Amino acid sequence: MRGGWYQKESLPTGVSGGKYVKGGGALVNPIVNDTWVLCALRGNKSKEFYKYTPNIGNWTALCTLSFGTKPPPDTLKINKKAVDKGGSLCWTPTYVYATKGAGTKEFWRYDISTNGWSQRAFVPVPKGLKNGTSMCYCNMLNRIYLLAGSQKKDDPTNFYYFDVNADTSGGTPWHALTKAPLTPNTKVWKDGSCLAFAYGNYVYALKGGDKNNFFWQYEIHSDTINGTPWIEMETIPLIHPQLGLKKKNKVSDGGAMAVDGYTNNIYAIKGNGKQDFWKYDPNTNIWTPKDTIPRLHKKSVPKTGAGLAYNLANMRIYLLKGNNTPEFWEYIEPAYTKEQIAKRNLTEQSFILTNKTYPLMLYQNSPNPFNSQTAIRYTLPANSKVSLSIYDVSGKLVKTLVDEFKDSGVYSAIWSGFDDNNRKVGQGVYFYALKTDGEKMQKKMLMLR
């Protein structure tokens, strides 16, 4: 099959009258019974939840979401609200988690093994969850990160994490984090705002409802090391070359992202009734336009309730269009031929994703070039003594970032442009080297002042 977009089986609906996917529609790609599938909320003030199996090509209805209880002090009262704007999904190796949106603070867990939902601790937001709410999962820390859309400007934060381990052990699961920036226009995060987790230590956030397509990187350890956790990255271009130079499209209702779990590239749609489709490479901090999303008729465009997910088993991207349509699409990268897919070791990919084993890898620092600080990510296949150091072009040691024994896993180190004597170094080319037992890897980076 050639690369590009292909229409797949439409998402079912449990009611008559033309009610399809709309506000609160969401898409996620968990493993169910050792098989990669897609799970979807239909939204549109329904409680419907479905599973799609790519190798069979069909949708199956799963257990619907129940009505929840109201937050304190009214926990004995039933909140008769179904999924609407602010509905979102993410998954862990055992569960799928959901927010209902609709102005509620409800948070739910779907047990894959029992096909049942249970209500968890309320999201500690001042204002109920609405447009722009999104979640992503960090397997290394077993945390779910949540961006609370449409919160007020003066609220202390709009960004939280849910500790899965604490939830299962009876601890305090929700924790507030540094606020997702409102700069430069002091606009709140609204329609189309979304999260994606990539590169082991980073959460990426695409802002909807602002004057530009602002894109931010959050370093998950920086809140605990007195760093600056949010770094502004390259914005998604306003103009897609296939849509004409006069069409400046902004991220809004229906914006969504998905991560290629093998390469860590991020795919994004702008929603807003637009056909834009883009790919972001964290190594280069560059957005690349991809084939635009096909349009079958006037409403056949990504908008309210749109969702995006990446299926690691067949390396394909799936799109739920929303906008009160049932449309479901599949995208294949042109470079992914059947022969290339056959040569991929899918077992190894699954192990990497579920945090069981890792290759020895030193990644390109991000951002690069940089002027204030940059992050260097690396992975270790086994427990070993590790050193990560910065050198100038003459080979002189500038800074030792890591020099200790570490377990196998995914790691990241921050360099803020200071040497071992805490002196700021000048701009120019630097090298960083990773050394483990009998192995050495090196890459180049550029500092600008």
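Which loop trypsin sites (Lys or Arg not before Pro) in segment 4-79, with loop taken from DSSP, have no more than 11 other Cβ atoms within 10 angstrom of their Cβ? Could the numbers behind the result be given before it?
Numbers: sites: K8, K19, K22, R42, K45, K47, K51, K77; in loops: K8, K19, K22, R42, K45, K47, K77.
Of the trypsin sites (Lys or Arg not before Pro), the ones in loops of segment 4-79 whose Cβ has at most 11 other Cβ atoms within 10 Å are K77.
Hey, fewest Cβ within 10 Å first, where do E234, E333 land in order?
The most exposed by this proxy come first: E234, E333.
List the trypsin sites (Lys or Arg not before Pro) within segment 215-270 that DSSP assigns to loop and that have no more than 14 neighbouring Cβ atoms inside 10 Å.
Here the trypsin sites (Lys or Arg not before Pro) that fit, given the DSSP loop and packing criteria, are K246, K247.
Of the listed peptides 310-319, 177-186, what is their order by residue-averaged count of other C-beta atoms within 10 Å, with the highest listed first?
Values: 310-319: 20.6, 177-186: 14.7.
For the peptides 310-319, 177-186, the packing ranking is 310-319, 177-186.
Could you pull the Cα extents of segment 4-346 along its three principal axes, largest to smallest, in whole Å?
53, 46, 41
Please list 280-291, 96-107, 25-36 highest first by mean number of surrounding beta-carbon atoms within 10 Å per residue.
Final packing ranking: 96-107, 25-36, 280-291.
For a test of the definition: using alpha carbon positions, the gyration tensor, and the 1.5 limit on a/c, classify segment 80-232 as rounded, prolate or oblate.
The shape class here is oblate.
Run the numbers on segment 4-346 and let me know its relative contact order in percent, using alpha-carbon pairs under 8 Å that are six or more apart.
Relative contact order comes out at 15 percent.
If we sort 144-150, 292-298 on the protection proxy, mean other Cβ atoms within 10 Å, highest first, what's the order?
Working: 144-150: 25.4, 292-298: 13.1.
Averaged packing, sorted descending, gives the order 144-150, 292-298.
Classify segment 389-449 as rounded, prolate or oblate from the Cα gyration tensor: take a ≥ b ≥ c as the square roots of its eigenvalues, call it rounded if a/c is under 1.5, otherwise prolate when a/b beats b/c and oblate if not.
The shape class here is prolate.
Hey, how many Å between the Cα centroid of segment 245-263 and the Cα centroid of segment 1-77?
Here the answer is 21 Å between Cα centres.
Based on DSSP H runs of at least 4 residues, each adding -39500 (n - 2.57), what is the mean residue ellipticity at 222 nm of the chain after dividing by all its residues, to the nearest 500 deg cm²/dmol?
Only helices count here, giving -1000 deg cm²/dmol.
Any read-out appearing in this document is the output of simple, stated calculations on the displayed coordinates, not a laboratory observation. On a predicted model such as this, the values are computed, not experimentally measured, just so you know. Every residue, glycine as well, gets a Cβ built from its backbone with ideal geometry; the counts of neighbours run over all protein chains shown.
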